[in-house]
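S.K.: Here you go, one structure.
The values are calculated or read from the model by the stated rules, or taken from the named source; none is laboratory data. The structure presented is a predicted model; accordingly, all values stated were derived computationally and were not measured. Here the Cβ positions follow ideal geometry from the backbone for every residue, glycine too, while neighbour counts run over all protein chains shown. With ligands, DNA and RNA removed, areas are computed over all heavy atoms of the protein, side chains included. Shrake-Rupley method; radii C 1.70, N 1.55, O 1.52, S 1.80 Å.
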Amino acid sequence: MRRVLGVCLVFMLVFGVTAAQAGPQRGGRLLTASAPSSALGEAINYTVYLPDGYDRGKRRYPVLYLLHGRGDTMAAWTRVKAELDQLIAARRVPPLLVVMPDAPWSDGGSYYVDSAYATGQAVETALTHDLVAHVDGAYRTDGARRLVGGYSMGGYGALRYALAHQDLFAGALVLSPAVYTPLPPADSSTREFGAFGVGDTPFADDVYTRLNYPALLPTVDPNLPLKLYIAVGDDEWPNPNPEDYRHDIDFESASVYNAVRRVPGIEAELRITDGGHDWDVWTPAFVEGLQLLT
């Protein structure tokens, strides 16, 4: 009997199996809900991930807000539930709440900003004020430990929110961000939906410049440390006009990194991985980035 137990112990040590890992693992839950928004005059729909054990205690949890890309819905980010369960079960990240808001405004192209376009809406105010206040009131949150993340259009939003709202967010996952400097190329969707418009004009250079990240860097407070994890694929779509190579998202992502790393108070990491503008890049980046930010 002792010999059998010894063999089992050796097997567990060699293959890295612990008693906790060998047993069944319970995961978190995904729920859908809505938050009232005075800024929008309508509700904000969202999905929330509640970690295992949320209903069995009184502890407070850090919150991660995840912004989806243009044309997607709040369902897009639910695909990382398995990764969240595994990270928390393995204690590679602390248990946390994850809020995934729906962003249908401006035909799905709001870029998460307050728009002055004729049909635009105050999306940034709604999410950073109304939604955050609702979440902090409805769930047991640790308000000092908020993060924000997003891919593509959501990457633009995550970067902007982290820089413009340091009082709210301590870090950001910035994945394949649809950011362009100094202005987006002529065929970019940033020009189409009115996010950066005013009145009857769907896109205005000065509005875009004022809202884009370079304008925010001088306002960063070094006394509010900020962590940024930036990731992009090496097979991102190349702009067909050679003159627009600087607007390829891999190039723009590297530009973001090299700009923010020079700002006092910001700690940044950049990853360029094999893949394109898709979840083959965003899922592993989410896994690594969340561990670095928490």
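S.K.: What number, in percent, do you get for the relative contact order of the chain if the mean sequence gap of Cα pairs under 8 Å and at least 6 apart is divided by its residue count?
M.R.: 16 percent
S.K.: Give the carbon-plus-sulfur fraction of the accessible surface of the chain in %, rounded to a whole number; probe 1.4 Å, heavy atoms of protein chains only.
M.R.: 53 percent
S.K.: Could you state the angle between the C-alpha long axis of helix 153-164 and the longest principal axis of the C-alpha atoms of the chain, as a value from 0 to 90 degrees rounded to the nearest 10?
M.R.: 90 degrees
S.K.: Rounded to whole Hz and in sequence order, give me ³J(HN,Hα) for region 182-192 from the Karplus expression 6.51 cos²θ - 1.76 cosθ + 1.60, θ = phi - 60°, writing x for Gly and Pro.
M.R.: Going residue by residue, I get x, 9, x, x, 4, 9, 6, 5, 4, 8, 8 Hz, with x marking Gly and Pro.
S.K.: What whole-number value in Å² describes the accessible area per residue of the chain for a 1.4 Å probe?
M.R.: I get 47 Å² per residue for this part.
S.K.: Okay, next question. Write down the percent of antiparallel bridges among all DSSP beta bridges whose residues are both part of the chain, to the nearest 5.
M.R.: DSSP beta bridges in the chain are roughly 30 percent antiparallel.
S.K.: Per-residue HN-Hα couplings for region 202-217, Karplus 6.51 cos²θ - 1.76 cosθ + 1.60 at θ = phi - 60°, whole Hz, x for Gly and Pro?
M.R.: Residue by residue, region 202-217 yields x, 8, 10, 4, 5, 5, 4, 4, 5, 8, 6, 4, x, 6, 8, 4 Hz.
S.K.: Would you please give the residues with an amide H less than 5 Å from that of ILE44, counting only those at least 5 places away or on a separate chain, with H modeled from the backbone geometry?
M.R.: Placed amide hydrogens put ALA35, SER37 under 5 Å from ILE44.
S.K.: Using R₀ = 25 Å, calculate the FRET efficiency as 1/(1 + (r/R₀)^6) where r is the Cβ-Cβ separation of ARG210 and ALA133; round to 0.05.
M.R.: Given R0 = 25 Å and the Cβ-Cβ separation, E is 0.45.
S.K.: For VAL98, enumerate residues with amide H under 5 Å from its amide H, sequence gap 5+ or separate chain, H modeled in the peptide plane.
M.R.: TYR49, LEU64
S.K.: To the nearest 10 Å², what's SER255's accessible area with a 1.4 Å probe?
M.R.: About 40 Å², rounded to the nearest 10.
S.K.: Thinking of region 12-158 as a set of Cα atoms, what percent of all their pairs are more than 19 Å apart?
M.R.: 55 percent
S.K.: Moving on. Pairs of alpha-carbon atoms within less than 8 angstrom and 6+ residues apart define the contacts here; what relative contact order does region 236-278 have, in percent?
M.R.: So the answer I get is 37 percent.
S.K.: What's the longest uninterrupted piece of the chain once you rule out the trypsin sites (Lys or Arg not before Pro) that are loop residues per DSSP with at most 16 other Cβ within 10 Å?
M.R.: 141-260
S.K.: Further question on the same structure: By how many degrees, 0 to 90 and rounded to 10, does the Cα axis of helix 249-260 deviate from the longest principal axis of the chain?
M.R.: 90 degrees
S.K.: Tilt of helix 2-14 relative to the longest C-alpha principal axis of the chain, in degrees (0 to 90, nearest 10)?
M.R.: 20 degrees
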